[in-house]
Amino acid sequence: MKVQSYLAQMFLRFVTVLMIVIFAAGCASIEPWVQPYERENLADPIMSMNRNPVAMSYTHHAFQAREGARGAEGGAGGGCGCN
């Protein structure tokens with residue numbers, strides 16, 4: 001009976017220490033994966049999600065005018081499409 005109690009206490013201590021280690025690991029400082037000299041590659045236009053930003057801007061404007069969603073995606077204008 002004492003052996004089971006001892007094993008239960010040891011298991012509980014192990015789990016407690018393990019949880020403390022896991023939670024303490026979340027407090028570690030996070031360093032950026034991208035070095036400053038590599039950031040120019042991420043700013044390359046080829047990395048953009050759309051191929052033609054001017055056309056995408058017009059498409060967003062037309063969508064907002066059609067839906068009447070003024071300012072939903074950062075654009076201005078009313079539902080008539082005049083802006």
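Each value in this text was obtained by applying a stated rule to the coordinates, not by laboratory testing. Computed from a predicted model, the values in this text were never measured in an experiment.
Using θ = phi - 60° and the Karplus relation 6.51 cos²θ - 1.76 cosθ + 1.60, list the HN-Hα couplings for the range 52-66 in order, rounded to whole Hz, with x at every Gly or Pro.
For the range 52-66, the Karplus curve yields 10, x, 5, 5, 5, 4, 5, 5, 5, 5, 5, 5, 5, 5, 5 Hz.
Report the extension gain between Ala43 and Phe23 in nm, rounded to one decimal, defined as 0.36 nm multiplied by the number of residues separating them, less their alpha carbon distance.
3.7 nm
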